[in-house]
Amino acid sequence: MPFCHKHSSVEEERRIAAEENVELTHAHTNEKREGAVRHRLRMGESLVGDRRETAPYEVSFLDSVDWRLLCKKELEKAELQKLKDAIHDNYFFEMFVEDLPMWGYIGDVANEDLIIGEIEGSKTYLFPHLHFYLGYNKNQIVSAKVTTDMDRRVDITNVEVPTAVTFSYSVEFYEEPDLLWKDRLTRYADSNFVPSSFEIHWLSIINSFVLVLLLTAFLTIILLRILKNDFSRYMELDDDALEEEESGWKLIHGDVFRFPENSMLFCAAVGTGNHLLICTLFHLTLSLLKIISTNRRGSLLAGAVVLYCLTSSIGGYTAVRLYRQMNGKNWVHCILLTAALFPAPVVTVFVWVNSVALAHGSTSALPFTAILTVFALFSFISFPLHVLGGLMAKNYASADFDAPTRTTKVAREIPTEVPWYRSRSFQVIIAGFLPFSAIYIELHYIFASMWGHQLYTLFGILFIAFALLVVVTSFITVALLYFQLAREDHHWWWATYINGGMTGLFIYAYSFYYYFHRSGMKGFLQGSFYFGYMSVCSFAFFLMLGSAAFQFSMIFVRYIYSRIKSD
């Protein structure tokens, strides 16, 4: 409790028990527990803004208690007003026992108008008594929840009058023989704070899977049928008639493998996307296998930071390898750009939101030790591994692009008059909307876990959803690529990357809807944190999905142009 920084003494407890007419049945332990003492934080807890403090409750294993005094405090006007405002704003507290979270409201309002709020005759009550239910299996606590005692609530409607409040608690241990330690988080599906929605998750997966099947059928039946007809027509023509009959995607065989503008930035984007994609797959796999703890606050974020650093060589290798295949010479700058492409926006957003948090005196401001730890991880692990991956690509990877067709010296002019439904703007919308529609249901629960008080434990479903997202994005991009090549537009490199990454922009657009209509957040501080870090997440999805879409598209382009006759 915020006003009980020390547990009551034995003498005080006996005196208050006599006043409250409560019989003491427990043995005094005299632990002298101190409250409001900061825990030593793990890196993950620091990153997510947690600042855990000890609570002065004296709880011993298997020692059930009917009533104990925590402290008795006379609350003045300022303290009562603060509590009353918190109750009207639906504030809740969060406690942990053996890393098991418990939630509860600090009070309630009776006879309040839903629209106007507090009216004449409404009452504001404070809950000073907490009852802890602790389930155990053998010698381990496997479940924990907390409730309040409505009979002991205190009326704090009138804040002008100082009120004496007796803060107390009780503890009840009960056996849970069927609940194992490794399955202890499954009970949170029934919590009021974590509503049961397992069926909805499967509905999201089924929705995504059906979309994948439809897209697969579309690509298989439509595209392959068109390609088969094109192949037959091109292969049956003799060399003299070929030039007269060429049209569509075959016509640009001399330009389709012309390297894109800003090739260094493009290669860095592909390398960074590959890096983030592999890092995400590793992270989901380790979470699914319970190697990364999913029940400790901040463990997932800390695991993401460490995995990003340990997999950095992937980004350096793939970026430099592709850059050298594009005849790039300044591979050192390519490594530096790849190493900074994702961290630079993250640092920019962090500096802003951390400055806002410091200005508001928020605990969400990252402590200096956490900043130093992350900086050391990047400086001594991530950056050297980027350089190592780049050096391996320079020394051992093939620099031959091995294009199936020969590129002409002069680029072919691209037709400018195209129907609206084949324009770039329409393609970009379709490329982002269809993959987003496959994940938007699951996205709601991910947002609730990130920005709310809900736990997310269904990492098997999340892994399937992410895999389906990558597949859907790649299939959509390949389909749109064919239509782009068919209209003789050979600027497909950046187009496929942007088409694939558009889902990230749709995710950011959805974040606005969630903030204003679902989150209940408000104010400059919360808005800065939310939109700042959501921009980072959306940018990460842009890079990951753009890289995956480009590489699927490259396979497709190599395949179709290796099957035709050309000079």
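One table, with the values for the structure above:
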quantity	calculated
Sole residue being of a type outside the set (K, R) and over 28 Å from K250 (Cβ atoms), chosen from S519, S553	S519
Out of T348, T363, sole residue that is β-branched (V, I, T), at pLDDT 90 or above and surrounded by fewer than 18 Cβ atoms within 10 Å (Cβ to Cβ)	T348
Residues that are touching a Leu at 6+ places or on another chain (Cβ under 6 Å) and in contact (Cβ under 8 Å) with a residue 60 or more places away in the chain, drawn from region 114-164	I141, I156, V159, T163
Residue tally, condition buried (at least 20 other Cβ atoms within 10 Å of the Cβ) and over 28 Å from G501 (Cβ atoms), over region 264-298	1
Region 173-217, residues that are hydrophobic (A, V, I, L, M, F, W, C), in a helix (DSSP H, G or I) and at pLDDT below 70	A189, F198, I200, W202, L203
Complete set of residues in region 377-431 that are surrounded by fewer than 11 Cβ atoms within 10 Å (Cβ to Cβ) and among the aliphatic types (A, V, I, L, M)	V410
Residue under evaluation A495, criteria (1) buried (at least 21 other Cβ atoms within 10 Å of the Cβ); (2) under 25 Å from the mean Cα position of the chain (by Cα), criterion not met	(2)
Enumerated helices (runs of 4 or more DSSP H) restricted to region 268-377, each holding at least 2 residues that are over 30 Å from L185 (Cα atoms), in contact with a Lys or Arg (Cβ under 8 Å, 6 or more places away or on another chain) and in contact (Cβ under 8 Å) with a residue 60 or more places away in the chain	312-325
Residue match in region 488-496 (condition: modelled with pLDDT of 90 or more, in contact with a Pro (Cβ under 7 Å, 6 or more places away or on another chain), farther than 22 Å from A344 by Cα and not hydrophobic (A, V, I, L, M, F, W, C))	no
Scan of region 148-171 for residues that are among the charged types (D, E, K, R), under 18 Å from P128 (Cβ atoms) and open to solvent by 70 Å² or more (accessible area, probe 1.4 Å), ordered by number	D151, R152, R153
Cross-chain or 6+ apart pairs with Cβ under 7 Å, region 474-493 first and under 15 Å from I430 (Cβ atoms) and polar (S, T, N, Q), then assigned to a helix (DSSP H, G or I) and open to solvent by 10 Å² or more (accessible area, probe 1.4 Å)	S474/F552; T477/F552
Set A339, A357: member being under 17 Å from G389 (Cβ atoms), modelled with pLDDT of 90 or more and either of a type in the set (D, E) or open to solvent by less than 30 Å² (accessible area, probe 1.4 Å) (or both)	A339
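So that you can scan it fast, the table gives a plain yes or no per residue for (1) open to solvent by 10 Å² or more (accessible area, probe 1.4 Å); (2) among the charged types (D, E, K, R):
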site	(1), (2)
L458	yes, no
A467	yes, no
K522	yes, yes
I555	yes, no
Y561	no, no
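A quick yes/no check of all residues on (1) among the β-branched types (V, I, T); (2) assigned to a helix (DSSP H, G or I); (3) open to solvent by 40 Å² or more (accessible area, probe 1.4 Å); (4) under 16 Å from A479 (Cα atoms):
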{"site": "G500", "(1), (2), (3), (4)": "no, yes, no, yes"}
{"site": "I507", "(1), (2), (3), (4)": "yes, yes, no, no"}
{"site": "F512", "(1), (2), (3), (4)": "no, yes, yes, no"}
{"site": "Y533", "(1), (2), (3), (4)": "no, yes, yes, no"}
{"site": "G546", "(1), (2), (3), (4)": "no, yes, no, yes"}
{"site": "A549", "(1), (2), (3), (4)": "no, yes, no, yes"}
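The values are calculated or read from the model by the stated rules, or taken from the named source; none is laboratory data. Note that the structure is predicted; figures quoted are calculated from it, not measured. Cβ atoms come from the backbone with ideal geometry, glycine included; neighbour counts cover every protein chain shown. The protein model used for the area step is the full one, side chains on, heavy atoms only, and it has no ligands, DNA or RNA in it. Shrake-Rupley method; radii C 1.70, N 1.55, O 1.52, S 1.80 Å.
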